[in-house]
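The values are calculated or read from the model by the stated rules, or taken from the named source; none is laboratory data. In this text the structure is predicted, and so the values were computed from the model without any measurement. Heads up, the Cβs are rebuilt from the backbone with ideal geometry, glycines too, and the neighbour counts pull from every protein chain shown. Note: areas computed on protein heavy atoms with side chains; ligands, DNA, RNA excluded. Shrake-Rupley method; radii C 1.70, N 1.55, O 1.52, S 1.80 Å.
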Amino acid sequence: VFTMLSAVLGCSPVIIFLECTAGIKEGARTGLSAVVTGLLFLIAMFFIPIFNVVPAIATAPALILIGSLMMTGAGMIDWNKLDSALPCFLTICLMPFTGEISSGIVAGIVAYAALRLDQPFNALCSRIMEGPAGKLIKALRARIM
């Protein structure tokens, strides 16, 4: 219900998921935390005129600090393995460039799936190259060169 309501209000449904995940990570296990968060957002609506007085540029230092704290997890990524580094890179880069969290997540998932689909094909090719067909291909390749 709230996911549909967020779409009507112009919010990305992914944000609802991320808010819930953050709450669970901090120890919230029941729906009470979601109710409290919703009530606090409802109360915050009355302060929007006060928040609009603060220029958008004034929020930049806080956003930079939050972004640098979020990047600590990027140090645990194995950047030497393309099958894990490329989806992470796409996710990290496309979120700010597209302005949507969901676009970055989708790009990362699609890249991960595409790279994983290649693995059975590589295993099949290596099995073929170990058998009699592989010996024939190697002999032909040696004759051509």
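Miscellaneous remarks
- Single match in Ile50, Ile43 (criterion: assigned to a helix (DSSP H, G or I), open to solvent by 100 Å² or more (accessible area, probe 1.4 Å) and more than 25 Å from Glu100 (Cα to Cα)): Ile50
- All positions within segment 126-145 that are surrounded by fewer than 11 Cβ atoms within 10 Å (Cβ to Cβ) and either of a type in the set (S, T, N, Q) or assigned to a helix (DSSP H, G or I) (or both): Ser126, Glu130, Pro132, Leu136, Ala139, Leu140, Arg141, Ala142, Arg143, Ile144
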